[in-house]
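Here is the structure we will look at.
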Amino acid sequence: MSKKIGILTSGGDCAGLNTVIRAVTLRAVNKYNWQVYGIKDGTLGLMTDPLNIIELKPTDFDGNLMRMGGTFLGSNNKGNPFNSDISDQIIDSFKKIKLDALIGIGGDGSMKILQALTKKGRINFVGIPKTIDNDVKENELSIGYDTAVDIATNALDMLQPTAASHRRAMILEVMGRDAGHIALNAGIAGGADVILIPEIPYSLKSISRHIEKIRSTGRNHALVVVAESVRKEDGSRVTVKFVDGEVRLGGIGAYIGDEIYKSTEAETRVTVLGHVQRGAPPTHRDRLIASAFGVYAVDLVAKEKFNRIVVWQNRGVTDIDLDSIAGKSKTISKNDPLIKVAEGLGIYVGEL
Ligand code: F6P
């Protein structure tokens, strides 16, 4: 039976979104002969008059779209429709276009909102996880994460030579919200000496001792990676407030840099990597999981299996109940195998 499905990208963008939109469109049109509607700017596209939606065709992807960062549908990571109670308007718009199902691509925050919206409006929903933070529970890989780690690793590759030239300790602040996946993975891959993640407490004294030890071996420089949500030693968060009132994590690198400078007299410089972690062309791995997730999500709609999220487990795609991950997020424990690897390499990863 012919179906009409909607697709939207929600939350912070990342690499691989255009790839997954392509996969959904190719599978839905070529295999099932369905119509696919792209909803622009997350749920904002359902709040305009006329609605901001476009029909997607496989030929839309004949060019280089799947290779490009960002999302050509646009996204939105501000506000929660339930706070201002515009949820009814979004649900009405959804019904107006008579969609049989919605495929929502988002991180854990967006998934929670989309799930609540679709439950309230009795809309058939399938979720696809994307987030550079890689913090979706029960899911080994989210779309966009691999590219972000690659960018952060490349940044360390470029910081090391200049650190050595100037005998400096270079601090690299990376994104990741409340999880340290990007910092830990890029830190190991990029040869960091210190990796600070929000899940493991650290001591400034131990960091200085570690840098002194490196100096005593004759090495004149060091690389420090710090995740954006690491707190100051006194437990306070470091954030940035923008003119529109939005608050985001950011600035912990400067604090760590100053403290290292003061205690070791090693000259420090700080690089805040920011949104370059999100806008790059997707790596082959992100393209692969995006393609696999897209095909699988459409097949779930065909089987009328709803309120599910597709996940990557044991080198393949499967699906789980969205309710089973609600309100949970995947962070790093002290027993994580990669913490053992970091320790084995002599990297300071906090007070274990
Ligand atoms: O969740 C993705 C993410 O990139 C986080 O790592 C980061 O804290 C946040 O979004 C930045 O948000 P914005 O794009 O609003 O600055």
Taking Cα centroids, how far is the range 185-213 from the range 1-59 in Å? 42 Å
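Would you mind computing Rg(Cα) / (2.2 N^0.38 Å) for the range 60-190, counting N as its residues? Don't skip to the answer; put the middle values down first.
On the way: Rg = 19.3 Å, N = 131, 2.2 N^0.38 = 14.0 Å.
The range 60-190 yields a ratio of 1.38.
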Kirkwood hydrodynamic radius (C-alpha pairs) into Stokes-Einstein, the range 147-277, 10 °C and 1.306 mPa s, D in µm²/s: 109 µm²/s
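Hey, what's the chain come to in accessible area per residue, 1.4 Å probe, Å²? Could the numbers behind the result be given before it?
Details: 15470 Å² over 352 residues.
Result: 44 Å² of accessible area for each residue.
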Using the Karplus curve 6.51 cos²θ - 1.76 cosθ + 1.60 with θ = phi - 60°, what ³J(HN,Hα) values do you get for each residue of the range 154-168, in whole Hz, with x for Gly and Pro? 4, 4, 5, 4, 8, 7, 4, x, 6, 4, 5, 4, 10, 6, 10
Counting only C-alpha contacts under 8 Å and six or more residues apart, can you give the relative contact order of the chain as a whole percent? 23 percent
For labels at Asp157 and Lys340 in the simple 7 Å Cα→Cβ model, what's the distance in nm? 2.9 nm
If one computes the Cα centroid of the range 298-352 and of the range 77-149, what distance in Å separates the two points? 18 Å
Which whole-number percent of Cα pairs in the chain have a distance greater than 33 Å? 32 percent
From the backbone phi of the range 84-100, what are the Karplus-calculated ³J(HN,Hα) couplings (6.51 cos²θ - 1.76 cosθ + 1.60, θ = phi - 60°) in whole Hz, Gly and Pro given as x? 9, 6, 9, 4, 5, 4, 5, 5, 4, 4, 4, 5, 4, 7, 6, 7, 7
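If I stretch the segment between Arg248 and Lys262 completely, what's the gain in nm (0.36 nm per residue apart, minus their alpha carbon distance), one decimal? Could the numbers behind the result be given before it?
Numbers: separation 14, 0.36 × 14 = 5.04 nm, distance 2.69 nm.
Stretched fully, the Arg248-Lys262 segment lengthens by 2.4 nm.
Counting DSSP beta bridges with both partners in the range 147-277, what percentage is antiparallel, nearest 5? Intermediate values should be presented prior to the final figure.
Numbers: 3 of 18 bridges.
Taking every DSSP beta bridge with both residues in the range 147-277, the antiparallel ones total about 15 percent.
Peptides 213-219, 75-81, 266-272: what's the order by average Cβ count within 10 Å, highest mean first? Display every interim value, and only then the final one.
Working: 213-219: 12.0, 75-81: 16.4, 266-272: 18.4.
Final packing ranking: 266-272, 75-81, 213-219.
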Solvent-accessible ranking of Arg177, Arg209, Arg248, largest area first, probe 1.4 Å: Arg209, Arg177, Arg248
Remind me, relative contact order of the range 147-277 in percent, using alpha carbon pairs under 8 angstrom and six or more residues apart? 34 percent
Does anything in the range 245-280 have its amide N under 18 Å from the 7 Å Cα→Cβ label point of Ser236, and if so which residues? 247-260
Check each of the trypsin sites (Lys or Arg not before Pro) in the range 299-345 and keep only those in coil by DSSP with at most 11 other C-beta atoms within 10 angstrom; list them in order. Lys303, Arg315
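Tell me the mean residue ellipticity at 222 nm calculated for the chain from its helices only (DSSP H runs of n ≥ 4, each -39500 (n - 2.57), averaged over every residue, nearest 500).
Rounded to the nearest 500, the figure is -10500 deg cm²/dmol.
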Long-range amide H partners of Gly180, meaning residues 5 or more apart or on another chain whose placed amide H is closer than 5 Å, are Glu199, Ile332
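Please tell me the relative contact order of the range 254-352 in percent, rounded to the nearest whole number, where contacts are Cα pairs under 8 Å and at least six residues apart. Provide the component values of the computation, followed by the final result.
Working: 44 pairs, mean separation 12.0, N = 99.
12 percent.
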Considering only DSSP beta bridges whose two residues both sit in the chain, what percent are antiparallel, to the nearest 5? 30 percent
Interchain or long-range residues, amide H under 5 Å from Asn124's placed H: Leu102
Output ³J(HN,Hα) for the range 126-134: one whole-Hz value per residue in order, computed from phi by the Karplus curve 6.51 cos²θ - 1.76 cosθ + 1.60 with θ = phi - 60°, and x for Gly and Pro. 10, x, 10, x, 9, 4, 5, 6, 6
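The values are calculated or read from the model by the stated rules, or taken from the named source; none is laboratory data. This is a predicted model, so every value here is computed, not measured. All Cβ positions, even for glycine, are placed from backbone atoms using ideal geometry, and neighbour counts span all protein chains on display. Just so you know, the surface numbers come from the protein's heavy atoms only, side chains and all, with ligands and any DNA or RNA stripped out. Shrake-Rupley method; radii C 1.70, N 1.55, O 1.52, S 1.80 Å.
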